[in-house]
Amino acid sequence: MQKQLNVSAIKDGTVIDHIPTKALFKVIQILRLDEFQNMVTFGNNLDSKAMGTKAIVKIANRFFEDEEVNKIALVAPNAKLNTIKNYEVVEKRVVQIPEQVIGYVRCFNPKCITNAENVTTKFQIINVKPIEMKCFYCEKITYENEIKIK
Amino acid sequence: MSQKSLISITDFSKEEYLKIMELSAKFEANPNQSLLKGKVIATLFFEPSTRTRLSFETAINRLGGKIIGFSDSNSSSVSKGESLHDTIRMVSNYADMIIMRHPLEGSARYAAEVSDVPVINAGDGANQHPSQTLLDMYSIMKTQNRLDDINLFMVGDLKYGRTVHSLLMAMSQFKNPIFNFVAPPELAMPDEYKLFLSQKGICYFEHLEFNDIINQADIIYMTRVQKERFIAPADLTKLANCCPCGPTIG
């Protein structure tokens, strides 16, 4: 039987694979793919041997620096990045949780100054599994299950 | 000191605490000095305060400085919707230092970030009150003649009381502290501070009452219920009779 791709292949660009299904739209939000002009295709609830179900995003003609793509590690810690050139995978990378999280996560503390004024949020990662991060301003810890993308 | 602003007690090392204790003793012996002569100090109290504001203003006067500021955010442009950012930027052009109390947590760190002059945190919500902690440590040092090996009982509102959090962080830097937390479950010490102690291998115990164990204490640190931190008044009423220091004690 002929194998069929659920999400069509791209000639050049980046494939982000092994995204948890619940994190797909957060990944789109963090990487601002909704504002991206080139072709972006995604699939959700796809079969996965390792995860049961997974999501995948394919971004044409867009390549990511480590610092940029590591932002998604907070919501998709096992995501894998494949760089595609002329339909071939030329590089495989695994996302890594950054030491600092700046600007894209909301502090869970409603009384934090960052939720009252136009302040860029800053967190220091203090634990990786499960993720725990300390707000630079209010010093409260945001736990993995409390992470909300701005 | 290596830093300009005083924001969080965690910004200090043990050596710096001890240096401040030593300097404090000198100031106590000779309080009237002219170290701030010609300086303008802004005291910005966005939240009511009696002791902290008067302590700072007394200190500024004794050191020869001049004071500008407000003791109520309703009498400032904040009531017209001015942002903290704009208030701090404006005041930092007038004053040589800003002393600020604000109800939002992290506000002092943010103020220090946008200010051109040093900022002293006189309390930011339930987060930090470093000058109170330095005073508490000085009192412990004076009465016990040491900061190591202290059995410290913290009693009352350990959930919202910022001074207990700051004092816990500071005392954990000294040798063999033992912490005893006495509070109803609703006002118990937050998990993050208990985790902090566990990770440092520091002993702590939790109690609902302290009548049988009070004689073990070197220091008993009593706090009132922080009624200004309660969002639902019903929660406060429920706790009024179960805490050794009720909500009406100042």
Quiz item: If you go through the range B:175-197 one residue at a time, do you hit one that is among the aromatic types (Phe, Trp, Tyr) and modelled with pLDDT of 95 or more?
Solution: yes
Quiz prompt | Every residue from the range A:140-149 that is open to solvent by 70 Å² or more (accessible area, probe 1.4 Å) and either part of a loop (DSSP other than H, G, I, E, B) or acidic (Asp, Glu) (or both) | solution = A:GLU144
Quiz item: Is the range B:180-189 home to any residue that is open to solvent by 10 Å² or more (accessible area, probe 1.4 Å), on the phi < 0 side of the Ramachandran plot and without any contact (Cβ under 8 Å) to a residue 40 or more places away in the chain?
Solution: yes
Quiz item: Got a sec? Which of B:LEU135, B:LEU152 is farther than 21 Å from A:ILE141 by Cα and either open to solvent by 30 Å² or more (accessible area, probe 1.4 Å) or assigned by TED's automatic domain parsing to the domain that holds B:PRO48 (or both)?
Solution: B:LEU135
Quiz item: Given the conditions (1) free of Cβ contacts under 8 Å to residues at least 24 places away in the same chain; (2) open to solvent by 60 Å² or more (accessible area, probe 1.4 Å); (3) in contact with a Ser or Thr (Cβ under 8 Å, 6 or more places away or on another chain), and given that A:ARG106 satisfies all but one, which numbered condition is not satisfied?
Solution: (1)
Practice problem: Report, ordered by the first and then the second residue, all pairs with beta carbons closer than 6 Å, sequence separation of six or more or different chains, a first member in the range A:136-150 that is within 11 Å of chain B (Cβ to nearest Cβ), and a second member that is open to solvent by 60 Å² or more (accessible area, probe 1.4 Å) and part of a loop (DSSP other than H, G, I, E, B). | Solution: A:THR142/A:PHE108
Quiz prompt | Residue satisfying all of: in the range B:123-140; among the small types (Gly, Ala, Ser) and touching a strand residue (DSSP E or B) at 6+ places or on another chain (Cβ under 8 Å); farthest from the other protein chains (Cβ to nearest Cβ) among these | solution = B:SER131
Quiz item: Just one of A:LYS26, A:LYS80, A:LYS58 is without any contact (Cβ under 8 Å) to a residue 60 or more places away in the chain, outside the structural domain of A:GLU132 (by TED's automatic domain parsing) and not acidic (Asp, Glu); which is it?
Solution: A:LYS58
Quiz item: Can A:TYR87 be described as touching a residue at least 60 places away in the same chain (Cβ under 8 Å), open to solvent by 50 Å² or more (accessible area, probe 1.4 Å) and over 12 Å from the mean Cα position of the chain (by Cα)?
Solution: yes
Quiz item: Does A:LYS111 satisfy the criteria of being closer than 30 Å to B:GLU113 by Cα and more than 17 Å from the chain's Cα centre (by Cα)?
Solution: yes
Quiz item: Given the range A:1-112, what strands (runs of 3 or more DSSP E) lie entirely inside it while holding 3 or more residues that are in contact with a helix residue (DSSP H, G or I) (Cβ under 9 Å, 6 or more places away or on another chain)?
Solution: A:13-19, A:40-48, A:52-60
Quiz item: Residues in the range A:118-139: is at least one assigned by TED's automatic domain parsing to the domain that holds A:HIS18, assigned to a strand (DSSP E or B) and either under 13 Å from the mean Cα position of the chain (by Cα) or under 23 Å from B:MET169 (Cα atoms) (or both)?
Solution: no
Exercise. Please go through the range B:63-119 and pick out each residue that is more than 9 Å from chain A (Cβ to nearest Cβ), assigned to a helix (DSSP H, G or I) and open to solvent by 60 Å² or more (accessible area, probe 1.4 Å).
Key: B:ASN74, B:SER75, B:SER79, B:LYS80, B:ASP86, B:ARG89, B:MET90, B:ASN93, B:TYR94
Quiz item: Which of the residues spanning the range B:14-46 are farther than 27 Å from B:SER172 by Cβ, surrounded by 14 or more Cβ atoms within 10 Å (Cβ to Cβ) and not aliphatic (A, V, I, L, M)?
Solution: B:LYS39, B:THR43, B:PHE45, B:PHE46
Quiz item: Which residues, counting only those in the range B:195-213, are aromatic (Phe, Trp, Tyr), open to solvent by 40 Å² or more (accessible area, probe 1.4 Å) and outside any helix (DSSP H, G or I)?
Solution: B:TYR204, B:PHE205
Quiz prompt | Which numbered condition B:GLU192 fails, given (1) open to solvent by less than 10 Å² (accessible area, probe 1.4 Å); (2) in a helix (DSSP H, G or I) | solution = (1)
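The values are calculated or read from the model by the stated rules, or taken from the named source; none is laboratory data. Computed from a prediction, not measured in an experiment: that's the story for all the values here. Ideal geometry is used to build each Cβ from the backbone, glycine not excepted, and the neighbour counts take in all protein chains shown. Calculation scope for accessible area: heavy atoms of the full protein, side chains included, ligands and nucleic acids excluded. Shrake-Rupley method; radii C 1.70, N 1.55, O 1.52, S 1.80 Å.
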